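A short write-up of the structure that comes next.
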Amino acid sequence: MDHLQNELKKEFQIERMILFSDAVFAIALTLLVIDLRVPALPKEVATDGKLLEALNELIPKFFGFFVSFLFIGSFWLIHHRLFGYVVNYDNRLLVLNLVFMLSIVLMPFSTAFFSEYFLRGLKTPFILYSLNILFLGVMNTILWLYVGSPKQKLNEGLKPPVVRYYIIRSVIMPVIFVAWTGANAALRPKYSLFIVLALAIVMRRVVATLKRQMKSRLAQTN
């Protein structure tokens with residue numbers, strides 16, 4: 001009876017951590033849209049042309065919103081997959097997950113800062129945004145390494161090929177942004193954007209290849 005109570009208590013605590021994490025992701029995603037405000041034009045000067053001009057000025061903000069939404073959404077999917085394997089926890093996992101949440105809640109600020117000043121040719125907003133993405137990738141990698149370690153006995157059914165795949169997937173986004181930072185320092189922002197888009201396409205193919213390899217290795221071990 002005591003063993004059953006302990007197991008139920010453990011499951012409840014893990015659920016609390018997951019629910020807390022999901023709430024942080026949801027709030028961060030919601031805060032992203034706050035920076036997108038409807039253009040306020042006086043009635044006497046409001047025309048379709050003026051509205052289109054005002055919307056044009058919002059393009060950097062929409063760009064930052066969609067990029068960050070994809071990033072946060074992608075990391076939520078990875079986080080969701082990771083905790084599907086978690087069957088136990090310890091204080092270190094709680095702390096690591098909390099630090100990872102810190103990297104998530106910083107995203108609305110770094111996104112707003114980046115969107116406001118990036119196209120003006122300033123480097124600082126982009127560097128800050130890239131550091132936030134790097135922080136995300138590093139903490140996500142640490143979480144996968146910790147949960148995936150057999151010594152910690154925190155997971156059930158999590159095999160090394162899966163851990164390796166998601167670690168590489170976590171690192172790819174920061175690598176793209178580090179490369180973008182270097183290109184942005186050497187080139188104009190609009191040219192560096194083409195470089196990072198090309199790099200993203202290449203990385204996407206790399207991820208697809210790694211996923212096939214992971215499935216192949218899992219099939220061999222089963």
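Bear in mind that the values in this text are calculations on the coordinates, not laboratory data. Just so we're clear, the structure is a prediction, and the values are computed from it rather than from any experiment. Here the Cβ is made from the backbone with ideal geometry for all residues, glycine too, and neighbour counts use every protein chain on show.
Arrange the peptides 28-36, 15-23 so that the one whose residues have, on average, the most other Cβ atoms within 10 Å appears first.
On the way: 28-36: 15.8, 15-23: 13.7.
Ranked by mean Cβ neighbours within 10 Å, highest first: 28-36, 15-23.
Can you give the Rg/Rh ratio of the stretch 44-131, where Rg is from the C-alpha atoms and Rh is the Kirkwood radius? Before the final figure, lay out each step's value.
On the way: Rg = 18.4 Å, Rh = 15.6 Å.
Ratio of gyration radius to Kirkwood radius: 1.18.
If amide hydrogens are placed 1.01 Å from N in the peptide plane, which non-local residues have theirs closer than 5 Å to the one on ASN155?
Close amide H contacts, sequence-distant or interchain: VAL87.
Tell me the GluC sites (Glu not before Pro) within the stretch 23-126 that lie in a loop according to DSSP and have at most 13 other beta-carbon atoms within 10 Å.
Numbers: sites: GLU44, GLU53, GLU57, GLU116; in loops: GLU44.
Counting only loop positions with at most 13 other Cβ atoms within 10 Å, the GluC sites (Glu not before Pro) in the stretch 23-126 are GLU44.
To make sure I understand the rule: partners must be aspartates and glutamates, Cα under 19 Å from the Cα of LYS9, and not fewer than 8 residues away in the same chain. Which ones qualify?
By straight Cα distance, LYS9 reaches ASP90, GLU156.
Under a crude label model (7 Å from the Cα following the beta-carbon direction), how far is GLU7 from LEU128 in nanometres?
Result: 5.0 nm between the two label points.
Quick check on packing: order 79-89, 134-144 by the mean number of other C-beta atoms within 10 Å, highest mean leading. Walk me through the intermediate numbers first.
Working: 79-89: 17.2, 134-144: 20.6.
For the peptides 79-89, 134-144, the packing ranking is 134-144, 79-89.
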